[in-house]
Amino acid sequence: MAKYQFKVDAQPQYLPEQSAPDQGIYSFAYTISITNTGELPAQLISRHWLITDARGQVEEVKGLGVVGHQPLLKPGESFEYSSGCRLRTPNGTMHGHYFCVAEDGERFEVEIPPFMLEDGGSRVLH
């Protein structure tokens, strides 16, 4: 088992009721589950997302924490949150990383695996 390790799972979903395809607006929600699979407690400090639409346009999103939280997770603990984004195309992808600090002061990054955003349904890319 790695000393510093989080596992990230994403569940994306298309939101037709918040979308307006005739105006080029496609809304998506996603639920992220973050689990500390390492040996030490660690805190999620910030996030960095790259959101790419079907035309290759990339939106970069950086910020402290997730949905107003900077969760401190002990080994085995999880934190789940939901958020959303809008695209100008019916599909795209998201991926990125979280910046974390362990209880012993060690800093590390956690990859957020790419996942697909699709208006006909969404899927995780593994």
Can we say LYS3 is exposed (fewer than 15 other Cβ atoms within 10 Å of the Cβ), of a type in the set (Lys, Arg), out of contact with any Ser or Thr (no Cβ under 7 Å at 6 or more places or on another chain) and touching a residue at least 60 places away in the same chain (Cβ under 8 Å)? yes
The correct count of residues that are touching a residue at least 40 places away in the same chain (Cβ under 8 Å), in a loop (DSSP other than H, G, I, E, B) and either surrounded by fewer than 16 Cβ atoms within 10 Å (Cβ to Cβ) or touching a helix residue (DSSP H, G or I) at 6+ places or on another chain (Cβ under 9 Å) (or both) in segment 46-97 is 4
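Quick check on this structure: which one of VAL124, VAL110, VAL66, VAL101 is of a type in the set (A, V, I, L, M), modelled with pLDDT under 95 and closer than 27 Å to MET1 by Cα?
Values: VAL110 fails: modelled with pLDDT under 95; VAL66 fails: modelled with pLDDT under 95; VAL101 fails: modelled with pLDDT under 95.
Within the list VAL124, VAL110, VAL66, VAL101, the selection yields VAL124.
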Scanning segment 12-32 for residues that are surrounded by fewer than 18 Cβ atoms within 10 Å (Cβ to Cβ) and of a type in the set (Val, Ile, Thr), which turns out nearest to ASP119 (Cα to Cα)? ILE25
Selected residue (only one of ALA20, ALA54, ALA42 is of a type in the set (Gly, Ala, Ser) and in contact with a Gly (Cβ under 9 Å, 6 or more places away or on another chain)): ALA54
Conditions first: (1) hydrophobic (A, V, I, L, M, F, W, C); (2) over 22 Å from PRO114 (Cβ atoms); (3) loosely packed, with under 13 Cβ neighbours inside 10 Å. ALA42 passes all but one, so which condition is the exception? (3)
Which residues, taken from segment 19-34, are over 13 Å from the mean Cα position of the chain (by Cα) and in contact (Cβ under 8 Å) with a residue 24 or more places away in the chain? SER19, PRO21, GLY24, ILE25, TYR26, SER27
(1) of a type in the set (Lys, Arg); (2) part of a loop (DSSP other than H, G, I, E, B); (3) in contact with a His (Cβ under 8 Å, 6 or more places away or on another chain): which one isn't true of LYS3, the others all being true? (3)
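The values are calculated or read from the model by the stated rules, or taken from the named source; none is laboratory data. As the structure is a computational prediction, the values presented were derived from the model and not from experiment. We place every Cβ from the backbone using ideal geometry, glycine too, and count neighbours over all the protein chains shown.
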